[in-house]
Amino acid sequence: MSHVNLIAAGKELPLCDRQEFRENTATVNGKSFTIGCICGFFVVPHEYYQYAVDELGVEMKPFRYEMDFQVCQTDLDHLLAYLRDNFTPGEEVELWSLWVGSGAGSTRHYRGKLSEFDLDTLGMLYELEREPDLTGEFDDLICQVCVTVKI
């Protein structure tokens, strides 16, 4: 099972890369150490899981791009700026959190205005909600999430 976040729109969108090197300190058995990685907000062509997403059969806007982010204020600010810069008031964009490769659960749909979008909203794209697979083919299914944002 794999996870992908998508941004789906009714028009082509520019690519974006706001990744940066970030360090985190962790403590294990009383010893502190620093871990660094490249992370942050980005929008790239939807290629890697395209076939698996298509197999889910969910209805979404036609122009789809993979995006990634951390649930943090910095990436929220980058996402909000990206949406403000690339959409006009009244337009809608879909932000998807999709689990592919092990059956599709139902889709949870949320709607809201860009002015209401906050860290809790961003966090909804990483929530896991499982439901039983009544066919018995899988142990359980993970719900897909779509947040439709009106600019």
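The values are calculated or read from the model by the stated rules, or taken from the named source; none is laboratory data. These numbers were taken from a predicted model, which means no experiment stands behind them. FYI the Cβ positions are ideal-geometry reconstructions off the backbone, even for glycines, and counts take in every protein chain you see. To get the accessible areas, we keep the full protein, side chains included, count just its heavy atoms, and leave off ligands, DNA and RNA. Shrake-Rupley method; radii C 1.70, N 1.55, O 1.52, S 1.80 Å.
Results, tabulated for the structure shown:
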read-out: Verdict on Gly30 being free of Cβ contacts under 8 Å to residues at least 60 places away in the same chain, of a type outside the set (A, V, I, L, M, F, W, C), open to solvent by less than 50 Å² (accessible area, probe 1.4 Å) and at positive phi; value: no
read-out: Scan of the range 28-41 for residues that are at pLDDT 80 or above and more than 20 Å from the chain's Cα centre (by Cα), ordered by number; value: Val28, Asn29, Gly30, Lys31, Ser32
read-out: Residue in the range 93-118 that is farthest from Val53 (Cα to Cα), counting only those that are under 16 Å from the mean Cα position of the chain (by Cα) and open to solvent by 60 Å² or more (accessible area, probe 1.4 Å); value: Asp118
read-out: Among (1) touching a helix residue (DSSP H, G or I) at 6+ places or on another chain (Cβ under 6 Å); (2) over 20 Å from Leu13 (Cβ atoms), the one test that Phe69 misses; value: (2)
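Residue-wise test of (1) open to solvent by 80 Å² or more (accessible area, probe 1.4 Å); (2) hydrophobic (A, V, I, L, M, F, W, C); (3) out of contact with any Pro (no Cβ under 7 Å at 6 or more places or on another chain); (4) touching a residue at least 40 places away in the same chain (Cβ under 8 Å).
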| position | (1), (2), (3), (4) |
| --- | --- |
| Ile7 | no, yes, yes, yes |
| Arg18 | yes, no, yes, yes |
| Glu47 | yes, no, yes, no |
| Tyr51 | yes, no, yes, no |
| Arg64 | no, no, yes, yes |
| Met67 | no, yes, yes, yes |
| Asp75 | no, no, yes, yes |
| Phe87 | no, yes, yes, yes |
